[in-house]
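We did not get these values from a lab; they are worked out from the coordinates using the rules stated. Keep in mind the model is a prediction, meaning the values are calculated, not measured. With ideal geometry, Cβ positions are generated from the backbone for all residues, glycine too; neighbour counts draw on all protein chains shown.
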Amino acid sequence: MALEEKMIEPFHPGPSPQGAISYGVSSYGYDMRLFDEFKIFTGEQATYADPKGMLPQSFTDYQGEVCIIPPNSFVLARSLEYFRIPRDVLTICFGKSTYARCGILVNITPFEPEWEGYVTMGISNTTRFPAKIYAGEGIAQVLFFQSDEPCKISYKDKKGKYQAQSQITLSKA
């Protein structure tokens, strides 16, 4: 289904190279990869975090194969893959246990029916030490649930604010 409907591009059927954090097709889902662009939260010029509009000055842009997350901080990142979710499909995403075992947590909301774009995710370092994350390797598993019928109102119908995002997108009101 993913190939026929172009749900995931680029699509990696697997297996992953030896030594990489796994990505591509998994037993019942798809392990998406990190792109090599990051927004590292610095807290500069911010006195609080605001989900209705984070200050861009609170982040430092970084590009590279490895990103270091400061202790007790987070980065925003995006998927390497572009997703197109059919009207009768919903996804749930979970961070990979390889990262969780190091105190690195990945937060991604479900992909609603007819949402499309690159996935913006928050990746938190819960430790008191700097933590590494790797571009081009697996970061989270996406599980797909297909309904017996299409939804009545899709993300596209609602004109969702994160539709067709092409880059890391800060929170919006």
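Start at zero, step by 5 Å, and the Cα-Cα distances of the chain spread as 2, 8, 16, 21, 20, 15, 10, 5, 2, 0 percent across the bins. Charges were assigned to the Cβ only: +1 to each Lys and Arg, -1 to each Asp and Glu. The resulting dipole of region 49-173 about its Cα centre is roughly 340 debye.
With springs only between Cα atoms under 10 Å apart, run a GNM on the chain and tell me which of Ser73, Ser147, Ser26 wobbles the most. Highest fluctuation of the listed residues: Ser147.
Over all other residues within a Cβ to Cβ distance under 15 Å of Gly53, the charged ones net out to +3, with Lys and Arg as +1 and Asp and Glu as -1. Fully extending the segment from Ile68 to Cys102, taken as 0.36 nm per residue of separation minus the present Cα-Cα distance, adds 10.9 nm.
Note on region 8-68 and region 73-129: Cα centroid distance 8 Å, given to the nearest whole angstrom.
Suppose R0 equals 30 Å. What FRET efficiency, 1/(1 + (r/R0)^6) with r the Cβ-Cβ distance, do Glu149 and Ser171 give to the nearest 0.05?
Taking R0 as 30 Å, the efficiency between Glu149 and Ser171 is 0.40.
Could you tally the net charge around Tyr82, taking each other residue with its Cβ under 11 Å from the Cβ of Tyr82, Lys/Arg +1 and Asp/Glu -1? Result for the local shell: 0. Per DSSP H run of at least 4 residues, take -39500 (n - 2.57); add these up for the chain, divide by its residues and hand me the 222 nm value, nearest 500 deg cm²/dmol. When only DSSP H runs of four or more count, the value is -500 deg cm²/dmol. Filter the GluC sites (Glu not before Pro) in region 1-81 to those in DSSP coil with at most 13 other Cβ atoms within 10 Å of their Cβ, and list the result. Filter output for region 1-81: Glu4, Glu5, Glu44, Glu65. In the neighborhood of Ile104, defined by Cβ-to-Cβ distances under 10 Å, what is the net charge if each Lys or Arg adds +1 and each Asp or Glu adds -1? Around Ile104, the surrounding residues sum to +3.
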